[in-house]
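Notes to accompany the following structure.
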Amino acid sequence: MPAAIFVLIAAITILSVFAIERGEESRHAAQLRARATAISSALERRANASSAYLRAGAALLATLNDVPVARFRRFVSELRLDADYRGAEGIGWAPVVYPHEVEAYEAQLAQDLPVPIRLHPRLSGDQPYAVPVTYLEPDTERNRRALGYDMYSNPVRRASMQEAERSARPTASGRVVLRQEGETGDPGFLIYMPVFEPVPGGRRLKGFIYSPFNAQDFLAAALELEDAGTYSVRLYDGVVNEANLMAAIENLNAQDNTVSQPVDLGGTRWLLQVSSGDGSGLSGLSMVTVFFGLLVACLLMLLVRMLTQQALEDEASLKWFEEQASIRNSLTRELNHRVKNTLANVLSIIALTRRRATALDEFADGLDGRIRALSATHDLLTKSDWGTTPIRSVLEAELLPYAEGSDHEVDLQGPDIELAPNDALSLGLAIHELATNAAKYGALSQPGGTVTVNWKMVAPGLMRIEWKETGGPPVPPQRGRGFGTDLIERIVAHELKNPVDLAFEPDGVRCVLTVPVRRPTEFSIRAGRSGREPAGSADPA
């Protein structure tokens, strides 16, 4: 029961922790999605801010016939680009140059710029025109590396320019490496805004005002608005693979749970991934729940164990009291039965003594001796707690008064054998009568007489005792029956449940008794015997 209580409370605690952790996971996932949405919005705001400046520039450049360098620089400086434009390399102008205009274009650059710039790569036969980088502000050594580069020669740039021309809106390119970065620089992208000039019957593409971006700087600038915190942020151009990775801000502890969020940058669909750690370990609320759950489980287990132990002790006490009551009842029945048997023996002794006595003194003396013999054997049984009694002790108790004399001899020979209580009483009465007869008429009545008592086992559970007198006066052939003879042949034989062979031979009395030898469990009242015996039946002990 204590173990079951502990397991039950532990199971409830585990379910509670599981529910809490599921709630924490849901909350964490919602936070992760919210963070991804916020970062995506920040990226789009950055792109939209750049697009707004490009729209303004396109509107201005569309009104000019040419775009001199001084006018373009003044335009960029007047924009006063604020923090929303951080992450961009600047703003550039790239006119459309047809093949027949290449020489004039390079000559114009030589006048406007301090260093000679050539268009590169040169126009191929299948390319209708070039869109070279002409101006790129701010004018830095880094940005000068891109001057003269024909962006229309690159397929990625060309596709975004064609889309911008078609939609007349700012359009972002795919993943490229900016000319400022060299051949193996960090990935970047560009946002193109087409500039048109009016012509009869419509409009014609004049060029592109654009902004180049380093993707890593662009992402870092956006995260200044929405701090990544403990998250990992990765930006992909299309599907997720290393070839399409634009920029990444990694957190080694946040690589497990990932949320993907599409980002629309200048009409180009990018993919933003935000990752967080798995929150290894239990949350604080789960730890508190586990602690108190285990504490409650242990306390309840201890309480139930104490109650169970008390119940077991109470049950054991009840069983003990029942056993004691059963023993007490058995003892009471045993005592009543033994008292009845003893009184029956006394009544039999009194009746036989009175029948044979001719005088009151003779009756009193005979009765006294026999009662004393019965009492002596009772004393032996009392000392053994009415258990088994050694046969030698019974014989010595009855013959001790006669063995002390020096003019006759008492010889006891036999193995150590234990007798049941009633068998010891019956044997004691028989030995008393034989000893009394020997003291009056037999071997113990004169000097030189000898009484020999031998006993041995003759069969399992059966012992043979032989009384033999020698050296006494001759036994007369004709003699009357006395009380002792009747007592031995009737009462003792009945109690021992075996016949007694009593012979008055000329050289002395010889008596052979057969006595049962029983195991203690056959007569012990403490060995589980609780059956009620019929009134007046013989004691099995």
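The values are calculated or read from the model by the stated rules, or taken from the named source; none is laboratory data. Everything quoted here is computed from the prediction, not taken from an experiment. Cβ placement follows ideal geometry from the backbone for every residue including glycine, while neighbour counts extend to all protein chains displayed.
Among the numbered criteria (1) within 60 Å of the chain's Cα centre (by Cα); (2) assigned to a loop (DSSP other than H, G, I, E, B); (3) touching a residue at least 40 places away in the same chain (Cβ under 8 Å), which one does Ala146 miss?
Exception for Ala146: condition (1).
Kindly provide the set of residues from region 96-142 that are assigned to a loop (DSSP other than H, G, I, E, B), under 16 Å from Val67 (Cβ atoms) and touching a residue at least 40 places away in the same chain (Cβ under 8 Å), ordered by number.
Val96, Leu113, Val131, Val133, Thr134, Asp139, listed by residue number.
For region 146-162, what are the residues that are touching a helix residue (DSSP H, G or I) at 6+ places or on another chain (Cβ under 9 Å) and under 23 Å from Leu79 (Cβ atoms)?
If the condition is that a residue be touching a helix residue (DSSP H, G or I) at 6+ places or on another chain (Cβ under 9 Å) and under 23 Å from Leu79 (Cβ atoms), then Ala146, Leu147, Met151, Met161 are the ones that fit.
For region 451-541, list the strands (runs of 3 or more DSSP E) that sit wholly inside it and hold at least 3 residues that are aliphatic (A, V, I, L, M) and modelled with pLDDT of 60 or more; which are they?
In region 451-541, the matching strands (runs of 3 or more DSSP E) lie at 462-470, 508-516.
Just give me the residues in region 96-129 being under 25 Å from Arg203 (Cβ atoms), of a type in the set (A, V, I, L, M) and surrounded by fewer than 13 Cβ atoms within 10 Å (Cβ to Cβ), in sequence order.
Ala104
Which of the residues belonging to region 130-150 are modelled with pLDDT under 90, buried (at least 18 other Cβ atoms within 10 Å of the Cβ) and either of a type in the set (D, E, K, R) or under 26 Å from Arg203 (Cβ atoms) (or both)?
Glu137
Just checking, how many residues over region 97-153 are touching a Ser or Thr at 6+ places or on another chain (Cβ under 6 Å) and among the hydrophobic types (A, V, I, L, M, F, W, C)?
Matching residues across region 97-153 total 0.
Sort out which residues of region 4-53 are over 26 Å from Gln216 (Cα atoms) and not hydrophobic (A, V, I, L, M, F, W, C), and write them in order of number.
Result: Thr13, Ser16, Glu21, Arg22, Gly23, Glu24, Glu25, Ser26, Arg27, His28.
Within region 381-428, restricting attention to residues that are of a type in the set (S, T, N, Q) and at pLDDT below 85, which residue is farthest from Arg519 (Cα to Cα)?
Restricting to residues being of a type in the set (S, T, N, Q) and at pLDDT below 85, the top hit is Ser406.
Let me confirm something: among Gly23, Gly57, Gly92, which residue is more than 60 Å from the chain's Cα centre (by Cα) and closer than 30 Å to Ile249 by Cα?
Gly92
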